[in-house]
Amino acid sequence: MAGIFAAFVYFIPTVIARDKINFKLVLVMNLLVGWTILGWFISFAFAMKGKNKNPDPELSGS
């Protein structure tokens with residue numbers, strides 16, 4: 001059970017980026033350097049900063 005929880009925490013940046021343009025970049029970074037604390041935070045930052053693939057027109061106000 002602890003392993004499943006640890007895997008979920010490890011892949012939080014990838015889960016956040018699943019609908020973003022830079023999903024593949026975040027996934028690769030998370031897999032390769034996510035085990036380092038700095039790599040995980042960089043992956044997390046890219047996941048939060050990325051733009052959505054299909055922005056919702058209702059939310060844009062146009």
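We did not get these values from a lab; they are worked out from the coordinates using the rules stated. Everything numeric here is computed off the predicted structure, so don't read it as measured data. With ideal geometry, Cβ positions are generated from the backbone for all residues, glycine too; neighbour counts draw on all protein chains shown.
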Legend entry - Charge dipole of the chain about the Cα centre (unit charges at C-beta), most positive-ward option of ALA17, MET29, PHE41: MET29
Legend entry - Correct option for Rg/Rh (Cα atoms, Kirkwood Rh) [calculated from the coordinates] among (i) 1.09; (ii) 0.98; (iii) 0.90: (i)
Inset, instruction - Report, in degrees rounded to the nearest 10, the 0 to 90 angle that the Cα long axis of helix 37-49 makes with the longest principal axis of the chain. - result: 10
